[in-house]
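Let me begin by presenting the structure, written as structure tokens, before commenting on it.
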Amino acid sequence: TFFFKEKKKYKWIFIYGVPRSGTTYFYQELLQLSKFGVSDYDLGKFIPVVDHIQQSAYIPIDINELKKFLSKQLLIHAAPGGGSKYDYIVKQVNTNLEEYKLICELMGCEPVEKYFLYRAPNGCLPSAMKKFNINEGEAETLYQNSLQSFEIIGGEIIQYGKEISEQ
């Protein structure tokens, strides 16, 4: 971890997609090419806190120092990888633009590659409902939100199944 404390920008890949589309499998495969990996840290949960602190006139917390702390924690607690082609593989399912921007800020730059994984709703929705204990409407909302994120964030599209194993 000493090497990474001094480095400001990383050569990293961002993986995201609809729930139950193979993001974890793809992350594990790419982790073999990377020094470290970060998976599903839900960093978007920090955004309302950061926004609140920035808008407050009475909370004496340095946002830049808070982000440095978050970045350090993210990197310290990353899983070890099996290669050296990339510094980090970052996977975040159910992401949005604000969370993506925060991850980029914490990593010091945009990723060198972005991958969006998807799966047809008839395979994805029942699996998401079971895994996350949600109803069909909630699963559909997760799916639609993921597609909307892709429209904004972009990246290479990978379909669940055959294409995943060919990468």
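Maximal additional length on extending the Glu138-Cys104 stretch stands at 9.5 nm, based on 0.36 nm per residue less the C-alpha distance. When Cα extents along the principal axes in Å is computed from the coordinates, the matching label among (1) 45, 38, 30; (2) 45, 37, 21; (3) 49, 40, 26 is (3). Between Gln159 and Lys131, the modelled labels are 2.0 nm apart [label points 7 Å from Cα along Cα→Cβ].
If I take every Cα pair under 8 Å that is 6 or more residues apart in the range 16-165, average their sequence separation and divide by the length, what percent do I get for the relative contact order? After rounding, I find 39 percent. The residues of the chain expose, per residue, 57 Å² of accessible area to a 1.4 Å probe. Pairs of lysines in the range 53-133 whose Cα atoms sit within less than 16 Å of one another amount to 6, provided the residues are eight or more positions apart or on different chains. Given a 1.4 Å probe and every protein chain left where it sits, what share in percent of the accessible area of the chain is carbon and sulfur? Result for the chain: 52 percent of the exposed heavy-atom area is carbon or sulfur.
The values are calculated or read from the model by the stated rules, or taken from the named source; none is laboratory data. The model shown is predicted, which means the values in this text are computed figures rather than measured ones. Here Cβ is always computed from backbone atoms with ideal geometry, including for glycine, and neighbour counts include all displayed protein chains. With ligands, DNA and RNA removed, areas are computed over all heavy atoms of the protein, side chains included. Shrake-Rupley method; radii C 1.70, N 1.55, O 1.52, S 1.80 Å.
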